[in-house]
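The values are calculated or read from the model by the stated rules, or taken from the named source; none is laboratory data. All of these numbers come straight from a predicted model, not from anything done at the bench. Cβ placement follows ideal geometry from the backbone for every residue including glycine, while neighbour counts extend to all protein chains displayed.
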Amino acid sequence: MKQRFLNDTNLLLVFSAAILLMPIWLSPLGAAYPDLLQKFAIYGIFAIGFNILFGLTGYLSFGHAAFLGVGSYAAVWSFKLFTMNVVPAVFFGVIFAGLLAFLIGYISLRRSGIYFSILTLAFAQMSYNLAYSVLTPITNGETGLQLTINDPRWIDSMYITVEEGLPSTNLFGLKMSGYPGFYFCAILLIVCFFISLRIFRSPFGLMLRGIKSNQNRMNYTGLNTKPYMLSAFVISGMFAGLAGSLLAVTDPLAGAERMQWTASGEVVLMTILGGVGTLIGPMLGAGLIKYFENIFSSFNKNLLHEVFSFLPDGVEDVVVQVVSLFVGGGWHLTLGLLFMIVVIFLPGGIVEGFQKFGGVFGYGKNKNSDSSPQNQAAE
Amino acid sequence: MEKTKTPILLHKTKQLSEGRHMENLVLHLDNIQKSFGGLRALADVNLHVEEGKTHAIIGPNGAGKSTLLNVCVGRLKPDSGKVTFDGEELTGKKPHEIAQIGVARVFQTPEIFPELSLLDNVMLPALSKRDGSFRFNPHLAMRNQNEIRDEAEHILGDVGLKEQMGMVAGSLSRGDKRRLELSMCLILHPRLLLLDEPTAGMARHDTNATIDLLKKIKERGMTKIIIEHDMHVVFSLADKVSVLARGKIIASGLPEEVREDPLVKEAYLGTAQE
């Protein structure tokens, strides 16, 4: 027990250090600018939350983008109606996502397997279409919900003198753009990671894993699995809502496209790429996908010519032609290949890759994972 | 619901020492009928089981033995009739509610958590029994986890699986899986234990080990229903035997009586017309 507790503490410390120092160690990779770092942290929260549902219970939700979207809308409305302070925005984002998750989860969890996935997908697409058309008074349809100068901001208008132009989001005066924004997201990410760690180690987490392994047996030992599943679903929806509200905190607008199925699919990819059911896997997957999306997609032919300029001219042209298929607009191709490689050779995701890599050098594995490498929730 | 901390298998038969155990019927199955489409699996079953006794149900294949157990644990709802255990009606209740009342079941094919460690396998039922309907208080939930862990280790020791407790359950042999499932039921401290062919497919020495294990449990005064084909097992364990054939109980009594019953011989061996 003591040993494991120390390991968890160390894991948390290492994780926190890695996240907080991202501006430093990511700069050689060209990713150390606040906009992208914020995305790493936000989608990390999204994926960690998704993993609580998918990794522990094995229920694959294809509709988590709905909660992301609701979190964003709730946060922007909080900016519009109450205050530009981010605390209420985050609070409302989490609460509304939780309520929607309760509703969708209550109905979808009546089925399992592919039917559950389809139900959640249907609900998310329904939310998307509602946000896009019917609910235009609330969501502002295809334009997206934005701040305007005429917003009431009741609380702010009582205490703060109105400035010229659009106010920016702030945490008690500290502007939430750039690095302060990143650190706000990063701290919430660390809190979320800690919560997820506690859930993984708790009896609740063990029960969820029992449900994944053999739901029938859980029933016959006296557990009513429904409320446990539902609370896992709601928790994971609230994580998504938090991520959504943070998207609005760092950039105060919300559009329906955030709810589209591609966004739901993206978080599934992140989780599988990093390692389903592992603690840090989803974070790795989220970082990797966002890195690809932002860095790989910005490579163009000129840059490639520079990189490969050491090659003879004829060869250089051919190489650049081939490589350019995989970067720039074609970054999805690279991601797809990577995804295939991971799923075929490393079903446990990148985390499993690290474990194997560590195993080659004879360290990195603890005693527990020797007997059950597939299932250890730890690194 | 509070249970003593006595080591589980050494718990002597305190409940039985009241002296009135002859008429202490605890499980009643009254006029149970169940059909699947046109097939009448249970025609009209009446069965009464005494508290603290081991009641064996034997019968040819397809006689409805497993259906009977499924009716008891709430997996199937009977078409008519009712099941009562210790004054509480079980018919119409959900499996987890029946389990909370104190009915545990060992399945014909072991129902375990193949991806989890043996220790987790045994701890989980204890946790589900404790937090059955729903409890979400992290502080409370963590509090007596060590106690549960100790008890799980103890029970694994009793069934002889303690050395392997870090292993993944899916990698066990079939006989060990059954013993694991049995320990998962024992940690629930059930008042009624249903065993569906606990030795099917086992080698002789595994069968004997299981018999010894079940005999040890017998000393605890838990009521048991055991379905079995192996007569050696039946006669080593059962206090009473009922014979089920074509959805009906055709004989019931002490093992020796049942063995000599002509109806039973007919059901097992068939008659000339067949």
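Things worth noting here:
- Counting only helices (runs of 4 or more DSSP H) wholly contained in segment A:72-185, the ones carrying 2 or more residues that are more than 23 Å from the chain's Cα centre (by Cα) occupy A:136-139, A:154-159.
- Boolean, A:Phe194 is of a type in the set (A, V, I, L, M, F, W, C), within 14 Å of chain B (Cβ to nearest Cβ) and part of a helix (DSSP H, G or I): yes
- Looking only at segment A:230-243, and only at residues there that are more than 30 Å from A:Met84 (Cβ to Cβ) and surrounded by fewer than 23 Cβ atoms within 10 Å (Cβ to Cβ), the one that is nearest to the other protein chains (Cβ to nearest Cβ): A:Ser231
- Some residue of segment A:244-263 being touching a Gly at 6+ places or on another chain (Cβ under 7 Å), within 15 Å of A:Asn51 (Cα to Cα) and either in a helix (DSSP H, G or I) or facing chain B (nearest Cβ under 9 Å) (or both): no
- Selected residue (criterion: surrounded by the most Cβ atoms within 10 Å (Cβ to Cβ)) from residues of segment B:150-191 that are among the basic types (Lys, Arg) and in contact with a Leu (Cβ under 7 Å, 6 or more places away or on another chain): B:Arg179
- Within segment B:76-114, considering residues that are farther than 18 Å from B:Leu47 by Cα and more than 12 Å from chain A (Cβ to nearest Cβ), the one nearest to the chain's Cα centre (by Cα): B:Gln108
- A:Gly275 vs. criteria at positive phi and modelled with pLDDT under 95: yes
- Some residue of segment B:93-100 being within 20 Å of B:Ala152 (Cα to Cα) and either among the aliphatic types (A, V, I, L, M) or out of contact with any Ser or Thr (no Cβ under 7 Å at 6 or more places or on another chain) (or both): yes
- Residue under evaluation A:Lys39, criteria (1) assigned to a loop (DSSP other than H, G, I, E, B); (2) touching a residue at least 24 places away in the same chain (Cβ under 8 Å); (3) among the charged types (D, E, K, R), criterion not met: (1)
- Listed here are the helices (runs of 4 or more DSSP H) enclosed by segment A:280-362 that have at least 2 residues being of a type in the set (D, E, K, R): A:281-294, A:301-307, A:313-324, A:349-360.
- Test: residue in segment A:240-252 that is out of contact with any Phe, Trp or Tyr (no Cβ under 9 Å at 6 or more places or on another chain) and either acidic (Asp, Glu) or modelled with pLDDT under 90 (or both): yes
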